[in-house]
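K.L.:
Provided herewith is a single structure, encoded as structure tokens, for subsequent inquiry.
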Amino acid sequence: MNILVLGSGGREHTFAYKIVQSPICDTLFVAPGNAGTARIATNVPIAVTDFPAIKEVVLQENIEMVVVGPEDPLVKGISDYFAEDSQLKNIVVIGPSKEGAQLEGSKEYAKEFLIRHNIPTAAYQSFTADTVEDGKRFLETLQAPYVLKADGLAAGKGVLILQDIDEAKTELENMLTNKKFGAASEKVVIEEFLDGIELSVFVLTDGKNYLTLPTAKDYKRIGEGDTGLNTGGMGAISPVPFVDDTLMTKIEERIIKPTVQGLEKENIDYKGFIFIGLIKVEDDPKVIEYNVRMGDPETEAVLPRVKTDLVQLFQHVGNQSLDKINLELDERSAATIVTVSGGYPEAYEKGKEITGIDTITNSIVFHAGTSLEGDKVITSGGRVIAITSLDEDFRKALKTSYQSIEKLNFDKMYYRKDLGFDL
């Protein structure tokens, strides 16, 4: 079959890398794609939220499956767009309905879902510009640090964790009244701070059945020792070494099952990935957030460990028959390191030539913010290239990834040299 992947980052290059290995895939298209996907698929220069243009490509190229990488088109309702169009309704779309996508599209919606289904999470309240003074009073009832979350999509950067009560009140005002994160912060969720270590669990569901993919831990902060500004992610390790069978059973019973059952109970059409951001507080898992797609850079560490044919998995999602397939995993650990443009996550320059990509042989190179200029690969985003290596434990895998990165070069290239420091 012909398949279309929507997106242009490292996650989408990883999907493409796995999909082209499948004998079921005839031709792969990626929209808009990057310099990495251009090598293994046909890039189509259209935006992920331009639904009429996507429809045109799908019909023109006889595409039978669409894999949605980022959250934006899901929150805007691409699955519904296909389901409601007589020419598109038989195409398999990997991604939830608009209603399901609200789990990521609105922090408040996600919190209400968690509470309704008795899934462990932090205590919270939400506020708008009209109730900003109530929000300040609620902050006074909490212990530092204070957690403020923009309700809507803010590209992974809408969460503030502050130590000082006065600063928290000022930032609440900034978010609600001065629209610090634009429309995303018209509503702000304030929640209790949970002290523990974070991890992510990935689930693929057909709406009834589910498969639990490997766990991963990503590193969000730009600076070593988890300092500095939040980014889209500076690297990831899979599996998470501290997750034993006991913790995994708790995650399965208390979080994954009630999540999938909750979606089914509420008749929410959900065929795709559920990314559950967790925190382990002492020995118990609690949900920090849901995302409705795979994480980036976690995908670059998780999918290379999946041995089962990815297209076959997606077909089972489409047929609601995930219970008929076994998930086969590579037992080795994967370590992914992300190289970024100098200045990221704030202002950074683009258009820098990247050299050394083809000299890397012991790791997998996933492109993120890259594009082609003639024969040259140049930087076109903040996160530029992710390097993934597999080995018997995460330390060895990290060592290989760091050795591979030394072969890469572009002006003002930066990456964290301390991944795994907390493990």
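The values are calculated or read from the model by the stated rules, or taken from the named source; none is laboratory data. This structure is a prediction, so every number in the text was calculated from the model and none was measured. Because the Cβ atoms are built from the backbone with ideal geometry, glycine has one as well, and the counts that use them run over all protein chains shown. Side chains are part of the model used for accessible areas, which takes the heavy atoms of the whole protein and leaves out ligands, DNA and RNA. Shrake-Rupley method; radii C 1.70, N 1.55, O 1.52, S 1.80 Å.
K.L.:
Yes or no: the stretch 81-103 includes at least one residue that is within 17 Å of the chain's Cα centre (by Cα) and acidic (Asp, Glu).
P.N.:
no
K.L.:
Could I ask something else about it? Among the numbered criteria (1) open to solvent by 40 Å² or more (accessible area, probe 1.4 Å); (2) not in a helix (DSSP H, G or I), which one does LEU148 miss?
P.N.:
Going through (1) open to solvent by 40 Å² or more (accessible area, probe 1.4 Å); (2) not in a helix (DSSP H, G or I) one by one, LEU148 breaks only (1).
K.L.:
Go through (1) outside any helix (DSSP H, G or I); (2) open to solvent by 30 Å² or more (accessible area, probe 1.4 Å); (3) within 26 Å of GLY10 (Cβ to Cβ) for GLY342 and report which single condition fails.
P.N.:
So GLY342 meets the others, but not (2).
K.L.:
Same structure, new question: Could you check the stretch 210-223 and list, in sequence order, the residues that are among the polar types (S, T, N, Q) and open to solvent by 30 Å² or more (accessible area, probe 1.4 Å)? Lay out the reasoning, then the answer.
P.N.:
We begin by selecting, within the stretch 210-223, every residue among the polar types (S, T, N, Q); these are 212, 215.
Answer for the stretch 210-223, where residues must be among the polar types (S, T, N, Q) and open to solvent by 30 Å² or more (accessible area, probe 1.4 Å): just THR212.
K.L.:
With respect to VAL240, is the statement that it is of a type in the set (Val, Ile, Thr) and under 30 Å from LYS412 (Cβ atoms) true?
P.N.:
So VAL240 does not fit the description; no.
K.L.:
State whether the residues of the stretch 160-182 include one that is modelled with pLDDT under 85 and in a helix (DSSP H, G or I).
P.N.:
Yes.
K.L.:
Could you please find all residues in the stretch 34-65 being closer than 24 Å to ILE385 by Cβ, touching a residue at least 24 places away in the same chain (Cβ under 8 Å) and either out of contact with any helix residue (DSSP H, G or I) (no Cβ under 7 Å at 6 or more places or on another chain) or of a type in the set (Phe, Trp, Tyr) (or both)?
P.N.:
Scanning the stretch 34-65 gives ALA35, ALA38.
K.L.:
Residues of the stretch 43-77 being within 23 Å of the chain's Cα centre (by Cα) and open to solvent by 40 Å² or more (accessible area, probe 1.4 Å), which ones? If you could, list the steps in order and put the result at the bottom.
P.N.:
To start, the set of residues in the stretch 43-77 that are within 23 Å of the chain's Cα centre (by Cα) comprises 43-51, 54, 65-77.
Correct list: ASN43, PRO45, ALA47, THR49, ASP50, ASP72, LYS76.
K.L.:
Right, next: Any chance the stretch 224-235 includes a residue that's open to solvent by 10 Å² or more (accessible area, probe 1.4 Å), touching a residue at least 24 places away in the same chain (Cβ under 8 Å) and in a strand (DSSP E or B)?
P.N.:
Checked against the condition, which is being open to solvent by 10 Å² or more (accessible area, probe 1.4 Å), touching a residue at least 24 places away in the same chain (Cβ under 8 Å) and in a strand (DSSP E or B), the stretch 224-235 yields at least one hit.
K.L.:
Scan SER401, SER389, SER371, SER363 and give me the residue that is open to solvent by 30 Å² or more (accessible area, probe 1.4 Å) and under 22 Å from the mean Cα position of the chain (by Cα).
P.N.:
Details: SER401 fails: open to solvent by 30 Å² or more (accessible area, probe 1.4 Å); SER389 fails: open to solvent by 30 Å² or more (accessible area, probe 1.4 Å); SER363 fails: open to solvent by 30 Å² or more (accessible area, probe 1.4 Å).
Being open to solvent by 30 Å² or more (accessible area, probe 1.4 Å) and under 22 Å from the mean Cα position of the chain (by Cα) holds for just one of SER401, SER389, SER371, SER363, which is SER371.
K.L.:
For the condition within 15 Å of PHE273 (Cα to Cα), in contact with a helix residue (DSSP H, G or I) (Cβ under 8 Å, 6 or more places away or on another chain) and touching a residue at least 24 places away in the same chain (Cβ under 8 Å), what is the one hit in GLU12, GLU99?
P.N.:
GLU12
K.L.:
Still on this structure, please answer the following. What number of residues within the stretch 1-27 satisfy the criterion of being open to solvent by 10 Å² or more (accessible area, probe 1.4 Å) and not in a helix (DSSP H, G or I)?
P.N.:
Looking only at that region, the number is 11.
Matching residues to (1) in contact with a strand residue (DSSP E or B) (Cβ under 6 Å, 6 or more places away or on another chain); (2) more than 26 Å from GLU298 (Cβ to Cβ):
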residue	(1), (2)
GLU56	no, yes
LEU59	no, yes
VAL66	yes, no
ASP85	no, yes
VAL93	yes, no
SER97	no, no
ALA101	no, no
GLU104	yes, no
PHE113	no, no
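K.L.:
Identify the single condition in (1) modelled with pLDDT under 90; (2) in contact with a helix residue (DSSP H, G or I) (Cβ under 9 Å, 6 or more places away or on another chain); (3) open to solvent by less than 50 Å² (accessible area, probe 1.4 Å) that GLU108 does not satisfy, given that it satisfies every other one.
P.N.:
(2)
K.L.:
With respect to VAL260, determine if the residue is part of a helix (DSSP H, G or I), open to solvent by less than 10 Å² (accessible area, probe 1.4 Å) and of a type outside the set (Asp, Glu). Don't jump to the end; show me each part of the working.
P.N.:
Values: part of a helix (DSSP H, G or I): yes; open to solvent by less than 10 Å² (accessible area, probe 1.4 Å): yes; of a type outside the set (Asp, Glu): yes.
Spelling it out, VAL260 is indeed part of a helix (DSSP H, G or I), open to solvent by less than 10 Å² (accessible area, probe 1.4 Å) and of a type outside the set (Asp, Glu).
K.L.:
Now, a different point. Take the residues in the stretch 123-145 that are touching a strand residue (DSSP E or B) at 6+ places or on another chain (Cβ under 6 Å) and of a type in the set (Gly, Ala, Ser); name whichever of them is most open to solvent (accessible area, probe 1.4 Å).
P.N.:
SER126
K.L.:
Which count do you get for residues in the stretch 364-394 that are within 16 Å of ARG11 (Cα to Cα) and part of a loop (DSSP other than H, G, I, E, B)?
P.N.:
Summing the residues that are within 16 Å of ARG11 (Cα to Cα) and part of a loop (DSSP other than H, G, I, E, B) in the stretch 364-394 gives 5.
K.L.:
Consider the stretch 281-329. How many of its residues are part of a loop (DSSP other than H, G, I, E, B), open to solvent by less than 10 Å² (accessible area, probe 1.4 Å) and over 21 Å from LEU74 (Cβ atoms)?
P.N.:
Here the count works out to 0.
K.L.:
Hey, any hits in the stretch 186-209 for a residue that's assigned to a strand (DSSP E or B), of a type in the set (Asp, Glu) and open to solvent by less than 20 Å² (accessible area, probe 1.4 Å)?
P.N.:
Yes, the stretch 186-209 contains at least one residue that is assigned to a strand (DSSP E or B), of a type in the set (Asp, Glu) and open to solvent by less than 20 Å² (accessible area, probe 1.4 Å).
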